[in-house]
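Working notes, beginning with the structure itself.
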Amino acid sequence: MSRRTETLLWVAQRASAAVLALCVLVHLATMIYAVRGGLTGAEILARTRGNVAWLAFYSVFVVAVAVHAPIGLRAVLGEWLGWRGRAREVFLAAFALALAGMGLWAVRGVFA
Amino acid sequence: MSRALALLHRLSGVVLALYLPAHFWVLAHALQLDSFLAWTEQPAVKFAEWGLVTLLALHLAGGLRVLVLEFLPWRDWAKGLAALAAGFAIAAGLAFALAL
């Protein structure tokens, strides 16, 4: 992979990390608040369905994760398992697409 | 401590990346099913949930530490930052455990 692409991946990793820092803080606070007193499926969905602001927030969260996680795994696969080359990049691109697809599908299910 | 935190940051990232597809699948499918939420009431599942929340807090704190070290010039802060990151993760884990 060219040095330019490596630099781009590094920038994408840091930029997505900055977005995720905010998203994860909000997500942690929401989780800690939401689980108080137990949860039922109906209660969760009554709170979430049709909420455009949360739909937008979690869509951004999912896209940032789909960028961030595969780049992080790329370093781990290369440094710990010695897996480099085209096969690794194809695997990680597929993983990124799967995360984005499944994540947005989940967001749609919960908030749309 | 900095080295241990860097290793934990990486390990927590791997666990979270592997957990995400299952998390998304459950949210897309099972939120309507109270039987699934009943399953999550088991102590072992609660413990796993707590572990994941703590790992998420740890990964966040470790990541913020990396961003500060890379983008800000105050490198002599490294030790204090590592302690701050660990403290934040423990605090978030405890807050979630108390809320459960």
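The values are calculated or read from the model by the stated rules, or taken from the named source; none is laboratory data. Computed from a predicted structure; not experimentally measured. Please note: Cβ atoms are built from the backbone with ideal geometry, for glycine as well, and neighbour counts cover all protein chains shown.
Okay, here's what the table says:
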item: Single unsatisfied condition, A:Gly109 versus (1) under 28 Å from B:Leu7 (Cβ atoms); (2) part of a helix (DSSP H, G or I); (3) of a type outside the set (Ser, Thr, Tyr); result: (1)
item: Output for the range B:47-73, where each listed residue is in contact with a helix residue (DSSP H, G or I) (Cβ under 9 Å, 6 or more places away or on another chain) and of a type outside the set (A, V, I, L, M); result: B:Glu49, B:Trp50, B:Gly51, B:Thr54, B:His59, B:Gly62, B:Gly63, B:Arg65, B:Glu70, B:Phe71
item: Residue count for the range B:62-80, restricted to those that are touching a residue at least 40 places away in the same chain (Cβ under 8 Å) and within 14 Å of chain A (Cβ to nearest Cβ); result: 4
item: Selected residue (criterion: farthest from the other protein chains (Cβ to nearest Cβ)) from residues of the range A:1-28 that are closer than 21 Å to B:Phe71 by Cα and β-branched (Val, Ile, Thr); result: A:Thr5
item: Conditions (1) closer than 22 Å to A:Thr30 by Cβ; (2) surrounded by 14 or more Cβ atoms within 10 Å (Cβ to Cβ); number of the one not met by B:Val68; result: (1)
item: Any hit, the range A:64-86, residues being under 14 Å from the mean Cα position of the chain (by Cα), farther than 28 Å from B:Pro43 by Cα, exposed (fewer than 15 other Cβ atoms within 10 Å of the Cβ) and not aliphatic (A, V, I, L, M); result: no
item: Qualifying position, being modelled with pLDDT of 85 or more, within 11 Å of the chain's Cα centre (by Cα) and closer than 25 Å to A:Trp105 by Cα, among B:Leu56, B:Leu20, B:Leu27; result: B:Leu56
item: Residue match in the range A:86-93 (condition: in contact (Cβ under 8 Å) with a residue 60 or more places away in the chain and facing chain B (nearest Cβ under 8 Å)); result: no
item: Total residues in the range A:43-73, condition of a type in the set (D, E, K, R) and outside any helix (DSSP H, G or I); result: 1
item: Odd one out for A:Met31 among (1) at pLDDT below 90; (2) more than 9 Å from chain B (Cβ to nearest Cβ); result: (2)
item: Where A:Arg36 falls short, out of the listed (1) free of Cβ contacts under 8 Å to residues at least 40 places away in the same chain; (2) part of a helix (DSSP H, G or I); result: (2)
item: Test: A:Phe61 is within 19 Å of A:Cys23 (Cβ to Cβ), more than 9 Å from chain B (Cβ to nearest Cβ) and of a type outside the set (Lys, Arg); result: yes
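Conditions (1) under 24 Å from A:Ile44 (Cα atoms); (2) among the basic types (Lys, Arg); (3) touching a residue at least 40 places away in the same chain (Cβ under 8 Å); (4) surrounded by 17 or more Cβ atoms within 10 Å (Cβ to Cβ), marked per residue:
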position	(1), (2), (3), (4)
B:Arg3	no, yes, no, no
B:Ala6	no, no, yes, no
B:Leu20	yes, no, no, yes
B:Phe24	yes, no, no, yes
B:Asp34	yes, no, no, no
B:Ala44	yes, no, no, no
B:Gly51	yes, no, no, no
B:Ala57	yes, no, no, yes
